[in-house]
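The values are calculated or read from the model by the stated rules, or taken from the named source; none is laboratory data. What you are looking at is a predicted structure, and each value in this text was computed from that prediction instead of being measured. Methodologically, a virtual Cβ is constructed for each residue, glycine included, from the backbone with ideal geometry; neighbour enumeration extends over all protein chains shown. Accessible surface areas use protein heavy atoms only, side chains included; no ligands, DNA or RNA. Shrake-Rupley method; radii C 1.70, N 1.55, O 1.52, S 1.80 Å.
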Amino acid sequence: MSFFRKLRESISAKAEAVTNKFREGLGKTAAAIAGKVEELVLRRKKIDEAFYEELEEILIAADVGVTTVMRLIDELREEVRRRRIEDAAELQPILSEKLVALLKDGADEGLRMAESGTTVYLFVGVNGVGKTTTIGKLAHRFKREGKSVLLAAGDTFRAGAIEQLEEWGRRVGVDVVKQQPGADPAAVMYDAIRAAKQRGVDVLLCDTAGRLQNKTNLMEELNKIYRVIQREMPGAPHEVLLVLDATTGQNALSQAKLFGEKSGVTGIVLTKLDSTAKGGIVIAIRHELQLPVKLVGLGEKMDDLQEFDAEQFVHALFAGAIEKEVEAGGAE
């Protein structure tokens, strides 16, 4: 059975609303990757060096990353040799299968939760990537699931950051622990942990600064926050989530390398995937950094922040080709 058919069967068992969100949110990336691959396959029936070179260019242009593309091309070459494939059209399902395998690759896609007590998520990342919006949308999701939520306004340096988080708190209906602008972020976290314990809240979402206006090193400040949380609540934070703007492509990968090395990142949140054709950066991050993508922003609505699902992601990229194969009776 073609992997396209297997992928379609797997997706059919998942929530249709989520499948639609992935398809709509990844429309631009799907056109940049699967759309161009399909055009290449139709134009070049034969699998030769020129075919592989064009395929490399397509994947690199979508910010899949040079290192990752080289691995994918090597694996495709091996499959072509092993299965004695001559028709280029047969490569599309194989490429989709390789992408699902690469994105899963032992990754724990779901958000970790505390076994008991409060679950603490610490959000890090540069200014402008959508940290505060992500926190607000995640708070909305947890509240809808019946969980009690508290927000910590740890970005005390950026003008308007505290007010922005408070506005999200009002919209979602959750409280915000804050201090005055310019206050010590670690002190805010101390207050937030104490409040979370006293109130017995289920989830504490902590905002942090993307840059500092003084001479203090940002990574040192984040580590100080991390230590305070660990001291006051052993086992926390349960996730350190690095928020990246997918529209920045390879720049997002550079940020991930910097934060990943210095601040104990456990997972990635990729925002604004609906606004870019460079969604291939998801694949590059997974392969090059061995960090799981935990959440993806697929639109501007409150429920457009979704947990990452490797099968949904790849299905959204190749949905058009999958439907064509199924309509044609499928290749068994």
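Cβ-Cβ distance below 7 Å, separation of 6 or more or different chains: which pairs start in region 46-60 with a residue that is more than 13 Å from ALA89 (Cβ to Cβ) and end on one that is open to solvent by 40 Å² or more (accessible area, probe 1.4 Å) and of a type in the set (A, V, I, L, M)?
Final answer for the pair search is ILE60/VAL66.
Inspect region 146-163 for any residue being touching a Pro at 6+ places or on another chain (Cβ under 6 Å), buried (at least 19 other Cβ atoms within 10 Å of the Cβ), of a type in the set (Gly, Ala, Ser) and part of a strand (DSSP E or B) and give the result as yes or no. Give the derivation first.
Taking region 146-163 and keeping what is touching a Pro at 6+ places or on another chain (Cβ under 6 Å), we get 154, 156.
After this cut, where a residue has to be buried (at least 19 other Cβ atoms within 10 Å of the Cβ) as well, the list is 154, 156.
Now restrict to residues that are of a type in the set (Gly, Ala, Ser): 154.
Of the ones still in play, those that are also part of a strand (DSSP E or B) are 154.
Scanning region 146-163 turns up at least one residue that is touching a Pro at 6+ places or on another chain (Cβ under 6 Å), buried (at least 19 other Cβ atoms within 10 Å of the Cβ), of a type in the set (Gly, Ala, Ser) and part of a strand (DSSP E or B).
When region 277-291 is examined, which residues are found to be within 26 Å of ARG141 (Cα to Cα) and surrounded by fewer than 23 Cβ atoms within 10 Å (Cβ to Cβ)?
LEU291
So which residues in region 205-230 are open to solvent by 60 Å² or more (accessible area, probe 1.4 Å) and in contact with a Phe, Trp or Tyr (Cβ under 9 Å, 6 or more places away or on another chain), if there are any at all?
ARG211, GLN213, ASN214
Among ILE283, ILE322, which is among the β-branched types (Val, Ile, Thr) and more than 14 Å from the chain's Cα centre (by Cα)? Explain how you work it out, then say what you get.
Values: ILE283 fails: more than 14 Å from the chain's Cα centre (by Cα).
Among ILE283, ILE322, only ILE322 is among the β-branched types (Val, Ile, Thr) and more than 14 Å from the chain's Cα centre (by Cα).
Please work out which one of (1) charged (D, E, K, R); (2) surrounded by fewer than 18 Cβ atoms within 10 Å (Cβ to Cβ); (3) over 30 Å from LYS143 (Cα atoms) is the condition LYS104 fails and give its number.
It fails just one condition, (3).
So, restricting to helices (runs of 4 or more DSSP H) that lie completely within region 1-100, which ones have at least 3 residues that are open to solvent by less than 20 Å² (accessible area, probe 1.4 Å) and modelled with pLDDT of 95 or more?
Details: elements: 3-12, 16-25, 27-30, 36-43, 49-61, 66-83.
Correct list: 16-25, 49-61, 66-83.
Please report, ordered by residue number, the helices (runs of 4 or more DSSP H) entirely within region 236-332 with at least 2 residues that are touching a residue at least 60 places away in the same chain (Cβ under 8 Å) and closer than 21 Å to SER96 by Cβ. Outline the logic, then answer.
Working: elements: 250-262, 281-289, 310-327.
Ranges flagged: 281-289, 310-327.
Restricted to region 124-145, and to residues that are open to solvent by 10 Å² or more (accessible area, probe 1.4 Å) and in a loop (DSSP other than H, G, I, E, B), which residue is nearest to LEU273 (Cα to Cα)?
GLY130
Pairs please, first residue from region 110-124 and within 17 Å of LYS143 (Cβ to Cβ), second anywhere and hydroxyl-bearing (Ser, Thr, Tyr) and open to solvent by less than 20 Å² (accessible area, probe 1.4 Å), Cβ atoms under 6 Å, 6+ apart in sequence or on different chains.
MET113/THR119
Determine which single condition ASP175 fails, assuming it passes every other condition in (1) touching a Leu at 6+ places or on another chain (Cβ under 7 Å); (2) surrounded by 23 or more Cβ atoms within 10 Å (Cβ to Cβ).
Of the numbered conditions (1) touching a Leu at 6+ places or on another chain (Cβ under 7 Å); (2) surrounded by 23 or more Cβ atoms within 10 Å (Cβ to Cβ), the odd one out for ASP175 is (2).
Here's a check for you: in region 188-204, which residue that is assigned to a helix (DSSP H, G or I) and in contact (Cβ under 8 Å) with a residue 40 or more places away in the chain is most open to solvent (accessible area, probe 1.4 Å)?
Start the filter on region 188-204 by keeping residues that are assigned to a helix (DSSP H, G or I), which leaves 188-199.
Okay, now just the ones that are also in contact (Cβ under 8 Å) with a residue 40 or more places away in the chain, so 189-190, 192-193, 195-197, 199.
On the way: MET189: 1, TYR190: 76, ALA192: 0, ILE193: 1, ALA195: 13, ALA196: 0, LYS197: 109, ARG199: 132 Å².
Here the residue is ARG199.
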